[in-house]
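Written below as structure tokens is the structure these notes are about.
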Amino acid sequence: MENCLFCKIANGSVPSNKVYEDDTFLVFHDIQPAAPTHVLIIPKKHIATMNDVGPEDYAMIGELHRVAQEAAKKLGVAETGYRLINNCGPDSGQAVYHIHYHLIGGAKLGALVQSSDSHAI
């Protein structure tokens, strides 16, 4: 996609602070980190949302989780813990419509979502 920010980062036309790259994936630091460790893991193939993942992409999505494990080890959060988050669609807060996972860690993280009675979901 020519107007997709993450496609531009993947093809090198927009710079990023890379953690990992291979022919299929790119891991780079988020420019607005929510925790001491906050990277984005993207496939280089443009897929807008998790709902757009097709059967031909299932193996790649599985491999993305291996890349997340490796990134967590490299960033020093594998043992202490981290979150791996994928937002899908407007109500989730997805801001860039290119499938991506946030790997967040490096601190004790609070509740992900608060319900109306203040209990974590």
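Take the conditions (1) free of Cβ contacts under 8 Å to residues at least 40 places away in the same chain; (2) in contact with a helix residue (DSSP H, G or I) (Cβ under 6 Å, 6 or more places away or on another chain); (3) not aliphatic (A, V, I, L, M); Phe25 misses just one of them, which is (1).
The requirement of being touching a Leu at 6+ places or on another chain (Cβ under 8 Å) and aliphatic (A, V, I, L, M) is not satisfied by Val67. Could you grab me the full set of residues in the range 1-25 that are modelled with pLDDT of 95 or more and in contact with a His (Cβ under 6 Å, 6 or more places away or on another chain)? Listed by number, the residues that qualify are Cys4, Phe6, Cys7, Asn17. Within the range 98-121, the only residue that satisfies the criterion of being of a type in the set (Ser, Thr, Tyr) and modelled with pLDDT of 90 or more is Tyr101. For the range 54-101, give me each residue that is surrounded by 15 or more Cβ atoms within 10 Å (Cβ to Cβ), part of a helix (DSSP H, G or I) and of a type outside the set (Asp, Glu). Once the filter is applied, which keeps residues that are surrounded by 15 or more Cβ atoms within 10 Å (Cβ to Cβ), part of a helix (DSSP H, G or I) and of a type outside the set (Asp, Glu), the range 54-101 yields Met60, Ile61, Leu64, Val67, Ala68, Ala71, Ala72. Scanning the range 20-50 for residues that are closer than 24 Å to Gly81 by Cα and in a loop (DSSP other than H, G, I, E, B) turns up Asp30, Ile31, Gln32, Pro33, Ala34, Ala35, Pro36. On the basis of being closer than 28 Å to Ala111 by Cβ and in contact with a helix residue (DSSP H, G or I) (Cβ under 6 Å, 6 or more places away or on another chain), does Leu40 make the cut? Considered against the rule, which asks whether it is closer than 28 Å to Ala111 by Cβ and in contact with a helix residue (DSSP H, G or I) (Cβ under 6 Å, 6 or more places away or on another chain), Leu40 comes out as no. Of all residues in the range 43-63, those satisfying the criterion of being over 20 Å from Ile104 (Cβ atoms) and touching a strand residue (DSSP E or B) at 6+ places or on another chain (Cβ under 9 Å) are Lys44, Asp57, Met60, Glu63. Once the range 19-37 is narrowed to residues that are closer than 21 Å to Ala107 by Cα and exposed (fewer than 14 other Cβ atoms within 10 Å of the Cβ), the residue that is farthest from the chain's Cα centre (by Cα) is Pro36.
The values are calculated or read from the model by the stated rules, or taken from the named source; none is laboratory data. Computed from a predicted structure; not experimentally measured. FYI the Cβ positions are ideal-geometry reconstructions off the backbone, even for glycines, and counts take in every protein chain you see.
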